[in-house]
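Participant: Have a look at the structure that comes next, please.
The values are calculated or read from the model by the stated rules, or taken from the named source; none is laboratory data. From a predicted model like this one, the values you see are computed outputs, not experimental measurements. With ideal geometry, Cβ positions are generated from the backbone for all residues, glycine too; neighbour counts draw on all protein chains shown. For the accessible areas, the whole protein counts, side chains as well, though only heavy atoms, and no ligand, DNA or RNA atoms are used. Shrake-Rupley method; radii C 1.70, N 1.55, O 1.52, S 1.80 Å.
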Amino acid sequence: MQPESRGLEVAVLVSVGRHPVTGRARRADQDARGLELALSLAAFRPDSRVRLLHAGQRDDDNETALRGYLGMARGVGTGLERLTLLEQPEGADVVPALAERLAATPPQLVVTGARAEQGEGSGLLPYVLAERLGWPLVNGLVEVESIEDDRMTLLQALPRGQRRRIQVRLPAVVTVDGAAAPARQSAFGPARRGSIKVEAALAVPDEAFAGWTLSPARKRPRRLKIVKSASARDRFKAAAGKAQGGGGQLLTDVTPEQAAEAILRLLEEEGVMR
Amino acid sequence: MNREIDTIRRDPRREWIARNRLHPEHLGVLAELGRQGASAATEWMGPNGVIRKNPHAPGFTGPNGLKRIDRSGVQQAAAAGRGAGHRMVAADERRRVTIEAPAFLVAVVPDMPGGRLSSHDRDLLGLARQLADADPARPCAVLAVAFGEHNREGGGELKEQAFAEAGVDRLLTIEGDGHTGFVPEAWLAGLVAVERELAPRHWLLPDSALGGADLGRRLAARLGERPATGVWQVDADATAPSGWRCTARGAVDRLDIQRPLPRVVLALAECAEPVSETRHAAEAMTLSQSPPEALSRIEDLGQVAVDPAGVALAEAEFILSAGNGVKDWEGFHHAARMLGATEGASRVAVDDGFMPRDRQVGATGTWVTARVYVAVGISGAIQHLQGIQGCDKVVAINRDSGCDMIKRADLAVIGDSSSILAALVDVLERDPALTRKGEKQDAA
């Protein structure tokens, strides 16, 4: 589709995060990682341009937080001098505005964090956007390995520190995992110099969300270990006794070779050998 | 003893002789009844139909000549070789439930890491049962949707049996070549086909990084439903349209959101108690037409080999851990490299300077959640055992057969650790195919 010389158009959707300790508005961690990843794409396509897009309210706190993304610019021409803010009233659903905007000027890649740090934080936005745009979505992105024509090879984070290699056809929506490279520091100068372009956009109130009750998170009750046993002795042992393996296999007087074989058999059964 | 009495044909005279130690035919009759050497009958039915008990019969003489009564039945069972079977029969007295014509379906899509139901899946099935059994007059069925990839039998337990015990009434396995690896588009097409044909009232998925969170959000977006994510509590609520209200986590676990329960629910672990008192049918179902072949724009190129030394200890899946008993440290590191295991250590090994501090396992170090934890020369201080509580399988290699780690271990080998590790390395070097095995398997 695109000739090789042309750079990649990347839209990074950024949100206003909240500091976990102080509760102050800041750049959201995963979105900043997403922007870092988008900036690293210049290594594959030197002329890549990054577009910053935010849909939300316009006030001082938010502006300070959003300037944190602008402060990640290095040099001129990456597109980071400007952030587009689609202005939304309080309690609006930002999906229609973003979808309309992205459909009007489609980039080749949309990068977002996995979930917002305030509000519902359901992590649904990239999925709904991908569905509306009809683009494939890959979650948990860690690293982009290569881009050829309209195919991008990337690494996806799996639990337990594992990685999976995936090839996706562009245009696509990707969400960034917390294991991706940490974002660079935001520099004060570029953050002040950058401009925030406010645009009017479609505003759809989120009626369902308005009807819900929000409260600070309660501590979840810990599950008790319930032992269902007919015998009082078993119940007492389970409640008071030290944890016992029970049913474990004990090999004594075996040669090292036999022991090694027994261990390898167990490892193979569990499928941890790789 | 009861069981002999329960048989239809009884010989009262013979029973009487068996009870009478002074009868000249006593030993012969005991032998015929197969109770030679066993103590006298403890319970029998008297002539008037009343159960009589011999209070002197239970128990055995302990090592110091005192009479001991073991009410757990472990020792007597070992002596008689009879109790074990009886106890196993008693263990499976769960109520069997079969739902013929369900009023509606509650669909669950379990993660099934490694082909087995995880504890998160079981919790979710418990939640599904809660939703399905709310109205006893209109019983509803729980439908589990599994994909072809998960069709392996795991851990020796039969798959259907595991599903039945977890509370599944209907089991739908979507098979096909295209369902292996990471194929969210094919999975989604399968789920949409289920939706079109069976229209379950609720869709429940685990909100877990193993895949449920991703698939559930895809499904919700495709169905045009707004799901509840991070649900950890569900209560009945007559004012809600669905009759249920849920509490969900929001804003990175800092908010609790109370809302009516929607159709698509992504629930956290421990959202409900797993099913334990009933057994269900787990009847296999099929779709009348197979789901359409989805156009695949996402291609899975397989899992990438990760340097095990770089994996954080807390999330490593396979740990080889060293303690005071390890003398040959070169051999230990070599074995860890050959096995592809992440290295761990006990406090002593760290204090003595053989391993870095960030590799320490235990209450003062890292709490690990490995699937397999191999403890080499670790005797198992209580702080260390606390740190490995979350491990599935523990293998102990130790010289001391009486240490606590041996009691905790699923497989314990008594012997010299360095020679056993050397033998392990030998086997791996002789058969390099072993080390490549499991590469295709999904990480759990």
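Participant: When you go through A:Arg164, A:Arg132 one by one, which is the residue that is touching a strand residue (DSSP E or B) at 6+ places or on another chain (Cβ under 6 Å), among the charged types (D, E, K, R) and free of Cβ contacts under 8 Å to residues at least 40 places away in the same chain? Explain how you work it out, then say what you get.
Facilitator: On the way: A:Arg132 fails: touching a strand residue (DSSP E or B) at 6+ places or on another chain (Cβ under 6 Å).
After applying the criteria, what remains is A:Arg164.
Participant: Part of a loop (DSSP other than H, G, I, E, B) and at the interface with chain A (Cβ under 8 Å from one of its Cβ atoms): is that true of B:Asp214 in this structure?
Facilitator: no
Participant: Scan the strands (runs of 3 or more DSSP E) fully inside the range B:250-319 and keep the ones with 1 or more residues being modelled with pLDDT of 85 or more and farther than 23 Å from B:Val106 by Cβ.
Facilitator: It comes to B:255-260, B:298-304.
Participant: Working carefully through the options A:Leu102, A:Leu109, find the one that is surrounded by 21 or more Cβ atoms within 10 Å (Cβ to Cβ), away from chain B (no Cβ under 14 Å) and of a type outside the set (Val, Ile, Thr).
Facilitator: A:Leu102
Participant: Of everything in the range B:114-139, what is more than 16 Å from B:His202 (Cα to Cα) and either open to solvent by less than 10 Å² (accessible area, probe 1.4 Å) or touching a Ser or Thr at 6+ places or on another chain (Cβ under 9 Å) (or both)? Give them in sequence order.
Facilitator: Matches in the range B:114-139: B:Gly115, B:Ser118, B:His120.
Participant: In the range B:356-379, which residues are part of a loop (DSSP other than H, G, I, E, B) and surrounded by fewer than 23 Cβ atoms within 10 Å (Cβ to Cβ)? Working first, answer last.
Facilitator: Applying the first criterion (part of a loop (DSSP other than H, G, I, E, B)) to the range B:356-379 yields B:356, B:362-365, B:367-371, B:377-379.
Passing the criteria: B:Pro356, B:Ala363, B:Thr364, B:Gly365, B:Trp367, B:Thr369, B:Arg371, B:Ser379.
Participant: Starting from residues that are within 7 Å of chain A (Cβ to nearest Cβ) and either touching a residue at least 40 places away in the same chain (Cβ under 8 Å) or exposed (fewer than 15 other Cβ atoms within 10 Å of the Cβ) (or both), keep the ones in the range B:289-303 and report whichever is farthest from B:Met338 (Cα to Cα). Write out each step before concluding.
Facilitator: Filtering the range B:289-303 down to residues within 7 Å of chain A (Cβ to nearest Cβ) leaves B:297-303.
Now restrict to residues that are either touching a residue at least 40 places away in the same chain (Cβ under 8 Å) or exposed (fewer than 15 other Cβ atoms within 10 Å of the Cβ) (or both): B:297-298, B:300, B:302-303.
Working: B:Arg297: 37, B:Ile298: 33, B:Asp300: 27, B:Gly302: 21, B:Gln303: 19 Å.
If we take residues in the range B:289-303 being within 7 Å of chain A (Cβ to nearest Cβ) and either touching a residue at least 40 places away in the same chain (Cβ under 8 Å) or exposed (fewer than 15 other Cβ atoms within 10 Å of the Cβ) (or both), then B:Arg297 is farthest from B:Met338 (Cα to Cα).
Participant: If I filter the range A:236-254 for residues that are at pLDDT 80 or above and either within 30 Å of A:Leu66 (Cα to Cα) or open to solvent by less than 40 Å² (accessible area, probe 1.4 Å) (or both), do I get at least one hit?
Facilitator: Looking for residues that are at pLDDT 80 or above and either within 30 Å of A:Leu66 (Cα to Cα) or open to solvent by less than 40 Å² (accessible area, probe 1.4 Å) (or both), one finds at least one in the range A:236-254, hence yes.
Participant: Something else now. With the structure loaded, tell me whether A:Lys225 is modelled with pLDDT under 90, farther than 30 Å from B:Leu428 by Cα and surrounded by fewer than 15 Cβ atoms within 10 Å (Cβ to Cβ) or whether it fails that test.
Facilitator: For A:Lys225, the condition - modelled with pLDDT under 90, farther than 30 Å from B:Leu428 by Cα and surrounded by fewer than 15 Cβ atoms within 10 Å (Cβ to Cβ) - is met.
Participant: Counting only residues that are modelled with pLDDT under 65 and surrounded by 21 or more Cβ atoms within 10 Å (Cβ to Cβ), which one in the range B:419-444 is nearest to the other protein chains (Cβ to nearest Cβ)?
Facilitator: Ranking the qualifying residues of the range B:419-444, first place goes to B:Ala443.
Participant: I want to confirm something. Restricting to the range A:132-141 and keeping residues that are open to solvent by 20 Å² or more (accessible area, probe 1.4 Å) and within 22 Å of B:Gly181 (Cα to Cα), which single residue is nearest to the other protein chains (Cβ to nearest Cβ)? Give the steps one after another, and end with the answer.
Facilitator: Keep residues of the range A:132-141 that are open to solvent by 20 Å² or more (accessible area, probe 1.4 Å), which gives A:132-135, A:139.
Within this subset, residues satisfying the condition of being within 22 Å of B:Gly181 (Cα to Cα) are A:135, A:139.
Numbers: A:Trp135: 8, A:Asn139: 5 Å.
Across the range A:132-141, the extreme among qualifying residues is A:Asn139.
Participant: Scan B:Ser242, B:Ser208 and give me the residue that is touching a residue at least 60 places away in the same chain (Cβ under 8 Å) and at negative phi.
Facilitator: Sole residue among the options that is touching a residue at least 60 places away in the same chain (Cβ under 8 Å) and at negative phi: B:Ser208.
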